[in-house]
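One structure is given below, encoded as C-alpha cells.
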Amino acid sequence: MVMVSNLEVPRELRKEALKHDMYLKPISEDTYELFFGPQHMATENFSIILKMDGSRVEKAIANPGFLHRGFEKLAEQRPYFTNIALLLRICVPESDVPENIYSMAVDELVGWEVPERAIWIRTVVLEMARLASWMFWIMGFANEIGLYTAGSWAAAYRERFMRLFEELTGGRVYHIYTVPGGVRRDIPGDRWLRQLGDTVEYIKSKLKDFDEILFDNYITFARTEGVGVMDRKFALDHAVTGPNLRAVGVPYDVRKDDPYYLYPELDFEVPILNEGDSLARVLVRRYEMEQDLYILEQLLEMGPPGGPYMVQDKRLKSLPRFKVPAGSAWAHVESTKGDFGAYVVSDGTHKPYRVHIRGPSQSHGITVLEELLRGARLADVPVILKTLDNCPPDIDR
Amino acid sequence: MEEGNREEVAEVALNDVVDAVIERAPYAQGKVIRERRVEFSIPAEKLRDFLRVMKESGFEMLMQITVVDWLKEGKFELVYQMWSVTHSTHAFVRLEVQRDDARLPTVMDIFPVAETYEREAHEFFGIDFEGNPRLGPFILEPREYEKHPFRKDFSTLSYVKEIYGEDFDRYDESKTNYVI
Amino acid sequence: MDEMKIDENGNGRVMEQENERTEGYDRLSYPLKEFKVFEPLFRWARKKSIWIITFCTGCGGIEMPPLMNARYDLERFGMMPNPSPRMADLFLITGYVTPKTLKRIIITYEMMEDPKYIMSHGSCPINGGVYWDSYNVVKQLDRYIPIDVSIAGCMPRVEAVMDGIMEIMRKVERGEADGWKRYRDNYEWYRRNQDELFGKGWRKETARRWLKWL
C-alpha cells in the first residue's frame, strides 16, 4: 500500500478512510486528493477537488451541480408569468435580479413601455437587493477570515432590508415581485419610504464601523493582499464581470455601459482598482456599497412618480393564456456578483421556447477559480472563493 | 432633441463597427438590431475564424453560448453572446448545425472561458465540441447526462415518473396544454 | 462473513450497529443497563446541546445566518453550527435535494454519531415542491433517509424554522425523535431505495470519478 509520506495520518483513520473510500486518498508518494466541500461552510454546496502537495494546491477541479434543478427546462413548460415564481430561485441572495432580467427581456419582446412608477420601484428594489446582498457577502467573507463580529453585524443589518422587503412584497427572501409589465403591488405608503430613508441613513452611519473592524483591519490586509491575483487580459478572456473585473482596472458596469431603468439619470461612480488581488476585490465592494447607498438616497429624493404600477393592457386579463410575439431578446443587469443576463426566445405561444440565464459565477466559479487556486495554500482557498463571490446556484441553475 | 441626436450618432457608430467586422469576414451577415445590440449570422465552419475577427475588433468577452433546439427544423441554433467593453455593445453571433450528429470546433483557445460553456452545451444538448478535453458529466450525474435533458424531445414528466415512481395528483400525461 | 458485508456496502459502521442490536438493548444509549435510571437526565442534556452540522443543501441555507446571528440568536438554546459531522447531532436539510447532493447527505448522515436527528426545510423535501416535475430533484426524501421534523412552505420563515427546532427539542425530551433508530432498524429498506435511485456500488463510483482528472 502507498503511504502518505508528508502528512501524518493516524493509522486507524487511514484504515477507515481507505475502507470508506471517501477521504484522503494517496495519489502518489507526495500528493493526495482532498475533497473541499460540499459539506463546508465556505463553499455553499459546491465542491472543489484539490490535488494537494503538502498544504499547497497543485491542481483544483470545480465540481458544481449539487443545486441543478433544470430551471431552463422547467421554464419551457410553464406560462410566462408563472415562470417568475420559478426563475427567481436561481440567485438566492439576490432573488430580484433574475426576476428583473427575465421581465426586461419579456418587456422587450412584447414591446411594452413600462410605466414610470414601476421603473422607479424596480430600481429601488434592485438597489435594496444589492445592499442586502453586500451585507450577506460581508457576513460570509468576515466569517471566513475569522472576524465574526463584523459578520454578526452584517447579518443584523441585512434584517432591516429583509423587513422592508417583507412589507413591500410579502416575502423575506423570495419576493416574486417584479413581473413583465411592471410590479405586482404598489408601495405600501409614505411610512415605508420614510423607513427606507432611515435604513439608508443608518447603514451609512455604520459603514464607518465596518471600515474600522473589517475593511481597514490589519487582519483583512494580511489575509487578502497578494492572494489570488489576476491581470486584465486574463479577466477579459475569462469573461470576469462585476467587482472582480473592476478590481483589475476595467471600468465595466452594466448600469453605465448598457443603462437600464433610471440609471442614466442617476449620479454615481464606478470605482476601479488596478491590483487585481483579493484585497482589491474586497475594497471595490466596499466602495460600491457606498455608491449604492448614494443611489438610494437620490432615488428617495426623486420620489416615486405618479401613475399606474403595472402596464395597462387588455391581454393581461387572462395571464395563463398570455401570448408573446415570436422573437428573442437579451437583457442583463449588474448584480453584486457581476453581469447577470437572460436570453429569452419566444415562438409566439404562451410559454417561452427557451430561457437561458447567464450567471456571473459560471466563469468565476469554474475556470477562473481553478486557475487562481493553482499554487495557493489550503488556508487561502476560502478567501479566494469568497472574494470571487462565487454563488453556486447560478452555475448550476 | 439632443437625446435623439445622440442615439443616431450611436447607431451610426455601431454601423461602422458592423461594417468593419464584415469587411474582414465577408461570409458573415450583420445588422444593427437596436442601440447596443448587433447581430451576425455565420456558417458553422467559419466559427473559429469569425470569433477571432470579433475578438480583434473589440468584442473581448464571450458571455455565454446559448443553444436553442429547433426540433421541427431538425437544427440546433447556437448563439455566441459577446460583449464589447470598447463599444459597449452586445453581439449575437448566430449559427446553425444539424440536430443529429451536431459537431463544432472548440473556441477554447480564443476564449478560455468557452470551456465551461461548451461543457454545459455538450451536457444538456449533446453537441460535440471537437478539441475540448473536458466534455463529459459536469453538472449532471452520468445517468441524466446520457439523456441530454434540455433537448426538446426529452420529457421531464415521464422521466420523473420512471425514476421516482411517483403518481402525483397534479401529474397528467394526456394533457398536452399544461397550466400549473 | 462480516468482512464481506463491509466490502460490499463500502460502509462498515451501520452493519456493526445492526449486529449489536440483536443483543437486546441499545448499546449507544446505555452502555450499562443500570444507566437506564438516568435516561431523563440524558434526554434533557441532549435537548439542551444540539449541534448543527454546517451543510447548506439548498436555498434554505440563506436563512441560517439570520437564525444564528443577532436577530434570532439560536445559540441561546445551546445550539451551535459545527463543521464536523462526527460531532453534530442535527442535520438540517435546507431545501430541495438533488441526487448528487443526496449521495453526500447519506454519506454525511452515516458519518454522524448516534443519536442524530434530521429536520427538513420547505416543501421540496416533502413532495418536490415547485420542482415536482424536475428530472433532477428528489421527490420524497423520507424514502432515503429518516426525517424527524418537516417544515412546510417556501421559503419557511425563520420563525417557522425555530418552531421546528423547538419541536425537535420536545421530541428529544420525550424520546420520540427516533429517526436514527428507524434508519438502523430498517437499514435494508433505506439501502434498497438508495440503490434503486443511484444504482449499486454508487459509493465507490462517486469517489473514483474524479481521479482521472487530477
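Just so you know, all these numbers are worked out from the coordinates, no wet-lab data involved. Being a predicted model, the structure only gives us computed values, none of them experimental. Note that each Cβ is placed from the backbone with ideal geometry, even for glycine, and that neighbours are counted across all protein chains shown.
Just to confirm the number: angle between the C-alpha axis of helix B:47-56 and the first principal axis of chain B, 0 to 90 degrees, nearest 10?
Result, in degrees: 40.
In whole Å, what are the extents of the range A:175-279 along the principal axes defined by its C-alpha atoms, from largest to smallest?
Reported extents, whole Å, longest axis first: 48, 35, 27.
Pick from A:GLY37, A:GLY276, A:GLY189: which residue has the top mean-square fluctuation in a GNM of chain A where Cα pairs under 10 Å get a spring?
A:GLY189
Across every pair of different alpha-carbon atoms, what Kirkwood hydrodynamic radius in Å does the range A:309-397 reach?
It is 15.9 Å.
Output the antiparallel fraction of DSSP beta bridges having both residues in chain B, as a percent to the nearest 5. It would help to have the intermediate numbers written out before the result.
Working: 24 of 32 bridges.
Beta bridges within chain B, antiparallel portion: roughly 75 percent.
Please average, across the residues of B:88-95, the number of beta carbons from any other chain that are within 10 Å of each residue's own beta carbon, and give a whole number. If you can, show how the numbers build up before the last one.
Numbers: counts 6, 2, 6, 1, 3, 0, 1, 0.
Rounded to a whole number, the mean comes out at 2.
Place the peptides A:168-176, A:384-392, A:149-157, A:238-246 in order of packing, highest mean first, counting for every residue the other Cβ atoms within 10 Å and averaging per peptide. Mind showing how you got there, number by number?
Numbers: A:168-176: 19.0, A:384-392: 25.8, A:149-157: 20.7, A:238-246: 28.2.
Ranked from most to least packed, the peptides come out as A:238-246, A:384-392, A:149-157, A:168-176.
Partner chain Cβ atoms within 10 Å, averaged over the residues of C:149-155 - can you pull that number for me?
Counting other chains' Cβ atoms within 10 Å and averaging over C:149-155 gives 2.
Taking only the alpha-carbon atoms of the protein assembly as shown, what semi-axes of the equivalent ellipsoid follow from 5 times the gyration tensor eigenvalues under a square root, in whole Å, largest first?
Details: eigenvalues 370, 185, 153 Å².
Over the Cα atoms of the protein assembly as shown, the semi-axes work out to 43, 30, 28 Å.
Mean Kyte-Doolittle of at least 0.5 plus a Cα span of 24 Å or more along the axis: flag which DSSP H helices in chain A meet both, please.
Once both thresholds are applied, what remains is A:116-144.
Please compute the average number of Cβ atoms from other chains found within 10 Å of each residue's Cβ in peptide B:129-142.
For peptide B:129-142, the averaged partner shielding equals 4.
Just to compare against my own numbers: the Cα pair-distance distribution for the range B:2-164, 10 Å bins, whole % per bin, please.
Calculated over all Cα pairs of the range B:2-164, the distribution is 10, 35, 30, 16, 7, 2, 0 percent.
Please identify, among B:SER57, B:SER88, B:SER155, the residue showing maximal mean-square fluctuation in a Gaussian network model of chain B using a 10 angstrom Cα cutoff.
Of B:SER57, B:SER88, B:SER155, the Gaussian network model singles out B:SER155 as fluctuating most.
Would you work out which of A:GLN291, A:ILE84, A:VAL57 lies farthest towards the positive end of the dipole of the protein assembly as shown, given +1 charges on the beta-carbon of Lys and Arg and -1 on that of Asp and Glu, about the Cα centre?
A:ILE84
Per DSSP H run of at least 4 residues, take -39500 (n - 2.57); add these up for chain B, divide by its residues and hand me the 222 nm value, nearest 500 deg cm²/dmol.
Helix contribution divided over all residues of chain B: -10500 deg cm²/dmol.
Mind putting a number on the dipole of the protein assembly as shown about its Cα centre? Charges go on the C-beta only, +1 for Lys and Arg and -1 for Asp and Glu, and I need it in Debye to the nearest 20.
Values: 106 positive and 127 negative charges, 380 e Å.
Computed charge dipole of the protein assembly as shown: roughly 1820 debye.
Which residue, C:MET155, A:VAL381, A:PRO180, has the largest displacement toward the positive end of the dipole of the protein assembly as shown when charges sit on each Cβ (Lys, Arg +1; Asp, Glu -1)?
It is C:MET155, whose Cα lies furthest towards the positive end.
Find the Cα radius of gyration of chain A, compare it with 2.2 N^0.38 Å by division, and give the number to two decimals. Intermediate values should be presented prior to the final figure.
Working: Rg = 22.6 Å, N = 397, 2.2 N^0.38 = 21.4 Å.
Here the Cα radius of gyration is 1.06 times the empirical estimate.
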